[in-house]
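Below: the structure, in structure tokens.
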Amino acid sequence: MHAVGIVAAAGSGLRLGAELPKALVPLGGRPLVCWAVESLRAGGVEQVVVAVPASQLAAFTAVLPDDVHVVVGGDTRTASVRAALAAAREHADAVLVHDAARPLTPSDVVARVLAALAGGARAVVPVLPVVDTTVVVDADGVVTADVPRAPLRRVQTPQGFDRATLVAAYAHAQGAAAEFTDDASVVRAAGITVETVPGDERAAKITVAHDLRMAELQTERPR
Ligand code: CTP
Ligand code: MG
């Protein structure tokens, strides 16, 4: 199976509040985007396409390995993945879509996603259980219901797809009113079954400054 990796790195990182776009922010001295590319490769992905902010093309090209294909992303994550998908080579039969914001994703997670695709899944996501009590609140912040958490999962990346399935799902979603926060929802909107494999806490997304501090602690110790 030939797998191509897409790294969504075109966000600005508003919630992190750094001076650089989030994917260029260093972790252990290396930009987040470089960590994400490396985890995909370590897990068995061959070619990698990275979607970057239009204004930062040169900065990303300077830090990424020469054999990484860099494309200009879009205003939303969905638009960025769509741009990268158009550049992904056609003879790949699988596509793994990953967030640059998940730098410490172990290669095992990538390998599990690839194995599920090799086993026949058309779409697969790494997931973790929800450990906190989870509730619904109203507009005033008053709790109105408990949510049974046993069937709930937190979805991570990389998310794996049969390439033709993902391309068709993105074509199906073109012009859809809904905003998608990941690729599995794009595929599910096209009626495709999405399977799951175990994720890993180390694949956590860096969203706010605290997340980056936690990741720095992990890079200081053997992983
Ligand atoms: N992303 C992207 N293109 C966009 C928006 C987001 O490729 N237009 C990418 C980000 O670079 C990130 C991933 O999607 O790797 C997950 O998004 P998120 O964590 O929300 O990152 P940002 O959008 O950069 O952060 P924020 O929402 O805080 O601005
Ligand atoms: Mg965002």
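The values are calculated or read from the model by the stated rules, or taken from the named source; none is laboratory data. From a predicted model like this one, the values you see are computed outputs, not experimental measurements. We place every Cβ from the backbone using ideal geometry, glycine too, and count neighbours over all the protein chains shown. What goes into the accessible areas is simple: the full protein's heavy atoms, side chains included, and nothing from ligands, DNA or RNA. Shrake-Rupley method; radii C 1.70, N 1.55, O 1.52, S 1.80 Å.
Data for the structure
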read-out: Lone unmet requirement of (1) under 22 Å from ARG102 (Cα atoms); (2) of a type outside the set (A, V, I, L, M); (3) modelled with pLDDT of 95 or more for ASP140; value: (1)
read-out: From HIS69, HIS98, residue being more than 15 Å from the chain's Cα centre (by Cα) and of a type outside the set (A, V, I, L, M, F, W, C); value: HIS69
read-out: Boolean, ALA79 is within 10 Å of ligand 1 (Cβ to nearest atom) and open to solvent by 30 Å² or more (accessible area, probe 1.4 Å); value: yes
read-out: Among the residues listed as VAL143, VAL167, the single one being hydrophobic (A, V, I, L, M, F, W, C) and loosely packed, with under 14 Cβ neighbours inside 10 Å; value: VAL143
read-out: Enumeration of residues in the range 1-41 that are more than 11 Å from ligand 2 (Cβ to nearest atom) and either without any contact (Cβ under 8 Å) to a residue 24 or more places away in the chain or more than 17 Å from the chain's Cα centre (by Cα) (or both); value: MET1, HIS2, GLY17, ALA18, GLU19, LEU20, PRO26, LEU27, GLY28, GLY29, ARG30, GLU38
read-out: Selected residue (only one of THR157, THR165, THR219 is modelled with pLDDT under 95 and among the β-branched types (Val, Ile, Thr)); value: THR219
read-out: Test for ARG89: is it open to solvent by 30 Å² or more (accessible area, probe 1.4 Å) and at pLDDT below 95; value: yes
read-out: Condition check for ALA42: within 25 Å of VAL197 (Cβ to Cβ), open to solvent by 10 Å² or more (accessible area, probe 1.4 Å) and not basic (Lys, Arg); value: yes
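Residue-wise test of (1) aliphatic (A, V, I, L, M); (2) under 16 Å from GLU46 (Cα atoms).
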| site | (1), (2) |
| --- | --- |
| ALA88 | yes, yes |
| ALA100 | yes, no |
| SER107 | no, yes |
| ASP140 | no, no |
